[in-house]
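Working notes for the structure below.
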Amino acid sequence: MRKFLIVLLTFVLFTLTLSQLPPNIPREETLIVDILSGRIATPHNFNIWTVAWKWWDRGIQQLMLEPLWIVDPVTGKVICALAEEMPIYNNNFTKMTIKMRKGMYWSDGTEITSDDVVFTIEAVMKNPTLNYHDIMLDYVKKVYAPDKYTIVVELKKPNSRFHSYFIDRWGALRPMPKHIFERAEDLGTFEFNPPISSGPYVLEDYDPNGYWVLWKRRTDWERTPTGKLFGMPKPKYVLYIFYSTTEQEVMAQVRHEMDVCDTTMEGLRIILSKNKYARAYIKNYPYIFNADPCVTGVTFNDAKFPYNIRDVRWALTLAIDIVDFLKIGYDGATVMAALHIPPTPAYTKWYYKPLEEWLKNFELDIGNGEKFKPFDPNAPIRLAEEMRKRGYAVPEDPEKIKEIFGIGWWKYAPDVAEKLLIKHGFKRDKNGKWLLPDGKPWKITIIAHTNPAHPMYKNAFALAQQWKRFGIDVTVLTTEQAATIVDHGDYDVATAGMWPATEPWGGHPDLYRTFYPWKSEYMAPIGETNPGHDSRWSDPRIDKIVEEMEKIDWNDPKVIDLGKEALEILVEEMPTIPTNLYPGIIALDEYYWTGYPTFENPYMIPYSHWPNFKYVLPSLKSTGRK
Amino acid sequence: MNFLKRYLLPRLLVYFLVIFLGITLIFIIPRLMPTDPVQEMINTITSQGAYLDPEAIKKLEDTLRELYGLKGSLWEQYINLWKRLFKGDFGPSFFQFPTPVIDLIKQSLPWTLGLLTITTITSWVLGLILGGFVGYFYKKKWAKLIDGIAMVIRPIPYYILALTLLILFAYIFPIFPIGGGASIGRTFQFNWCFIWSVIKHGFLPAMSLIIIGTAVWLQTTRLIVQNILAEDFVIYAKSAGLRERKIALRYTIRNAMLPQITGLTLSLGQIFSGALITEVVYSYPGLGTLAYNAINSGDYNLLMGITTISIIAIATGMLVIDLIYPFFDPRIRYR
């Protein structure tokens, strides 16, 4: 009996020391979120201005640093953070003036002034080991501060979007503290440890093995843009922690040891079934975050036969039953994307709705004088019906359905696809399998991601099913080397590498960022690394539109007209096939904290790995549970 | 002199040759992979949503190649490698530039060494003893039971076993933490709090490795012992009326130990490559994930560093076992 009691006591003491947090860090004052990018290999290094990857999303971009400007895809706005207002350009975009917000301080009590910005730009220009070095060297003739809160950048050549390098959209050239960095011998190897913050949190502690970082709210949080614009961040502490597997994330959320995590649909469903305090961004099906500024789909190697033929690309598009595709890949939980931009609420307002009539009237020439209108505005309705059959509660109102599933996609028309192929000499063998014009069997290898939870993996297998049904011999190759293979043009079709279109800003209607990588000067021959879009497609009309955009301010209303024109060209040419919005899956545990951004209350992008996360924290409320 | 000429020198020669060839192969093989470290770096930055315009990408590629030391012919890179190696410098990691590779290895190595040394030796000892007795007393019910359990455990994929333990003891019965090497806020110190925290966090990973490891050693030892039972000296010992326990320990298991010592040395050498699945399932800091990420990102220098240490460890282990084997097996001494 005595031995048993001793064992029991030891056991109890053992378990009592199991609290996740240190004893002086109360759980009810701490927000725990996940690190998206993985285990931090350089945990001692907080200098994220260098060219190498430094795990910015361990709280550095979200809590520690403020940028000049930051873009929010949910509200569709650009927020002025350390800058007081948007930049002011001269008439020919060779001079940019920035006005700093007054009364902002680093966490060590030093005021943030124009000197910090000037120093940052000059330091970057002098050091090839710092990010943006080549860009700044290319553009900046001179940078100076006429006063404590004004910066003037004189450019060597016009650039109406020079300020975009300072807009935080998961990365930017953020001001560095001059008074710290000017003392460093080598900015490339300087670790900036301990760091100081321009944001509302300071570093409290970190794991030397790279699994967690603990941040503490500044006592002078009101002297940061976050405090000034949004108020006091409610959690006193924020813990960023990395769990290697979805299973661990699920267990952590169910045990209330994780408040916000970016997870998989499978993980989310288990969390929702086991944790009554948990919810997704959308409370019920489809659960997803519907404003991720990223469109997923398929990329063709447009420099390679037969994908260099527009009709072939369109045939492959019409061979996809998008309802079936999305059922297989996502259980329908995503938004259809017919255009080469993500169908977020903001882009739906700026582009999808205005182009809806054009899409409905768009015609393909399928030969012999025959025309075909490929757009299907009823695709979302059909998807909704299918999801109802699966037992999901989906609204009946077509407008609500389109809000959830998008405004439409391309028709499933294998007969028209066949005509387009036959027009170019393709034929079927006696088994119905497609043959190339030279008589050889048509085989497609789709290069895909290795992670089964990733859209780049799901799209590949859903796509393979569609094209196999159509009669093409398709295989999927999942590889960790996808990025390199696709970049060198050693592929036919890919769902890995780049998205079918470069992500736009998300919080601004300007689409320059999306079209610029398609400029013909950036297309390299197959076998060489390609700085432009992986599809290696270009069109002189897109070149012209990009050049026109470069000459005007990004707030000029003409930007939207140029954007629409380019989107129409992309539809006509279909160099890549956009299929759906990136379905962000976030699990929110409301056991300790409420007030997260949600579908019902969309005030900011909810991702804890985005730099906007600091602006979410003032809106959180503690439940009072200990 | 004879010993030096006929035994030691040839072994030393082979030792250095193995290391030289191993390092050369590790230099060549990653460069044959389709992974481009520069492209992987750019892809990592852009895949998270950060933006690099094509102009920036063009220039960054050149800059990164220069910084990584990837300019110049392969021969020049190879010579530079040996120049650095003789100074004990593996160069900077590409992916974690400019962090030196040796710093990254120093960070993860103690965790790998600690966990895998303890679990390898523990499972070897347990497996040897249990396997020895199970093999010797194979007709007994308890021996059959233990052997049956080992037979069931051994084919279980390690990932499944590891995850099952995690779900059982970190979720259903939340006795242990979900992951990590030590508690949050505990920094490396030689005090009871830190040590206890490491034990607590390392318990499940260690258990998972010991269970599988023991099953493997048990079964191999059992097979060896059952072969030895048929040897003349064992039959003679039994006929001479020696006690069973003495025959089991001093005649049978002692002989079974010999090939297992070689196996142990090889296993100990392999600990420098880490235990990737263990580290992933339990979020345990170690060399495994470092090596895995190095392969995926084409981080030639980091890969070089980790595999060089592994090659040297295994080659050294083999050399040591070659040299000390005569002390375990007297028959070798007399040759």
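The values are calculated or read from the model by the stated rules, or taken from the named source; none is laboratory data. From a predicted model like this one, the values you see are computed outputs, not experimental measurements. Cβ atoms come from the backbone with ideal geometry, glycine included; neighbour counts cover every protein chain shown.
Helices (runs of 4 or more DSSP H) fully within the range A:434-552 that include at least 1 residues being crowded, with 17+ Cβ neighbours inside 10 Å, facing another protein chain (nearest Cβ under 10 Å) and in contact (Cβ under 8 Å) with a residue 40 or more places away in the chain: A:455-470, A:482-487, A:512-515.
Per-residue answers, yes or no, for (1) aliphatic (A, V, I, L, M); (2) closer than 22 Å to residue A:293 by Cα:
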residue: A:522; (1), (2): no, no
residue: A:539; (1), (2): no, no
residue: A:555; (1), (2): no, yes
residue: A:568; (1), (2): no, yes
residue: A:577; (1), (2): yes, yes
residue: A:582; (1), (2): no, yes
residue: A:588; (1), (2): yes, yes
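Within the range A:564-609, restricting attention to residues that are assigned to a helix (DSSP H, G or I) and not charged (D, E, K, R), the residue that is surrounded by the fewest Cβ atoms within 10 Å (Cβ to Cβ) is A:569. Return yes when residue B:48 is at pLDDT below 90 and farther than 30 Å from residue B:195 by Cα and no when it is not. Yes.
Please go through the range A:96-152 and give me each residue that is within 14 Å of chain B (Cβ to nearest Cβ) and among the acidic types (Asp, Glu), ordered by number. Those that are within 14 Å of chain B (Cβ to nearest Cβ) and among the acidic types (Asp, Glu): A:134, A:138.
Selection over the range A:297-329 of residues that are in contact with a Gly (Cβ under 7 Å, 6 or more places away or on another chain) and on the phi > 0 side of the Ramachandran plot gives a count of 0.
Screening the range A:250-267 for residues that are more than 9 Å from every other protein chain (Cβ to nearest Cβ) and part of a helix (DSSP H, G or I) and picking the one that is farthest from residue A:457 (Cα to Cα) gives A:253. Of the residues contained in the range B:27-50, none is found to be in contact with a strand residue (DSSP E or B) (Cβ under 9 Å, 6 or more places away or on another chain), in a loop (DSSP other than H, G, I, E, B) and either more than 14 Å from every other protein chain (Cβ to nearest Cβ) or surrounded by fewer than 20 Cβ atoms within 10 Å (Cβ to Cβ) (or both).
Exactly one residue among B:263, B:298 is closer than 28 Å to residue B:37 by Cα and not β-branched (Val, Ile, Thr), and that residue is B:298.
Quick test for you: out of A:328, A:309, A:341, pick the one residue that is in contact with a His (Cβ under 9 Å, 6 or more places away or on another chain), hydrophobic (A, V, I, L, M, F, W, C) and outside the structural domain of residue A:601 (by TED's automatic domain parsing). Before you say what the answer is, go through the steps one by one.
Working: A:328 fails: in contact with a His (Cβ under 9 Å, 6 or more places away or on another chain); A:341 fails: in contact with a His (Cβ under 9 Å, 6 or more places away or on another chain).
After ruling out the rest, the residue left standing is A:309.
Residues of the range B:129-148 that are surrounded by 15 or more Cβ atoms within 10 Å (Cβ to Cβ) and part of a loop (DSSP other than H, G, I, E, B): B:137 alone.
If you go through the range B:178-210 and pick out every residue that is surrounded by fewer than 21 Cβ atoms within 10 Å (Cβ to Cβ) and either more than 9 Å from every other protein chain (Cβ to nearest Cβ) or of a type in the set (A, V, I, L, M, F, W, C) (or both), you end up with 14. Out of the residues in the range A:204-226 meeting the condition of being under 26 Å from the mean Cα position of the chain (by Cα) and of a type outside the set (Ser, Thr, Tyr), tell me which one is modelled with the lowest pLDDT. Per the criteria, the residue is A:210. Listed by position, the strands (runs of 3 or more DSSP E) inside the range A:141-248 whose residues that are in contact (Cβ under 8 Å) with a residue 60 or more places away in the chain, outside the structural domain of residue A:89 (by TED's automatic domain parsing) and touching a strand residue (DSSP E or B) at 6+ places or on another chain (Cβ under 7 Å) number at least 2 are A:201-206, A:212-217, A:237-241.
Just checking, which of B:89, B:103 is within 14 Å of another protein chain (Cβ to nearest Cβ), free of Cβ contacts under 8 Å to residues at least 24 places away in the same chain and over 27 Å from residue A:167 (Cα atoms)?
Details: B:89 fails: within 14 Å of another protein chain (Cβ to nearest Cβ).
Just a single option satisfies the conditions, and that option is B:103.
Determine whether the range B:304-322 contains at least one residue that is of a type in the set (Asp, Glu) and under 25 Å from residue B:181 (Cβ atoms). Within the range B:304-322 (the criterion being of a type in the set (Asp, Glu) and under 25 Å from residue B:181 (Cβ atoms)), the answer is no, since none of the residues qualifies. Selection within the range B:263-290: residues that are closer than 16 Å to residue B:311 by Cα and β-branched (Val, Ile, Thr). The member of this set that is nearest to the other protein chains (Cβ to nearest Cβ) is B:271.
Applying the set (1) in contact (Cβ under 8 Å) with a residue 12 or more places away in the chain; (2) more than 14 Å from chain A (Cβ to nearest Cβ); (3) surrounded by fewer than 16 Cβ atoms within 10 Å (Cβ to Cβ) to residue B:81 leaves exactly one unmet item: (3).
Can you pull out every residue in the range A:316-361 that is assigned to a helix (DSSP H, G or I) and of a type in the set (Asp, Glu)?
Initial filter on the range A:316-361 (assigned to a helix (DSSP H, G or I)): A:316-318, A:322-330, A:345-352, A:356-361.
A:324, A:356, A:357 - these are the residues of the range A:316-361 that are assigned to a helix (DSSP H, G or I) and of a type in the set (Asp, Glu).
Picking from residues in the range A:264-316 that are touching a residue at least 40 places away in the same chain (Cβ under 8 Å) and among the basic types (Lys, Arg), the one that is surrounded by the fewest Cβ atoms within 10 Å (Cβ to Cβ) is A:283.
If the requirement is being within 11 Å of chain A (Cβ to nearest Cβ), surrounded by 14 or more Cβ atoms within 10 Å (Cβ to Cβ), touching a residue at least 40 places away in the same chain (Cβ under 8 Å) and part of a helix (DSSP H, G or I), which of these qualifies: B:109, B:126, B:166? Don't jump to the end; show me each part of the working.
Details: B:109 fails: within 11 Å of chain A (Cβ to nearest Cβ); B:126 fails: within 11 Å of chain A (Cβ to nearest Cβ).
Checking each option against the conditions leaves just B:166.
Taking first residues from the range A:70-94 that are free of Cβ contacts under 8 Å to residues at least 12 places away in the same chain and partners that are surrounded by fewer than 17 Cβ atoms within 10 Å (Cβ to Cβ), the Cβ contacts under 8 Å between residues at least 6 apart in sequence or on separate chains come to A:88/A:97.
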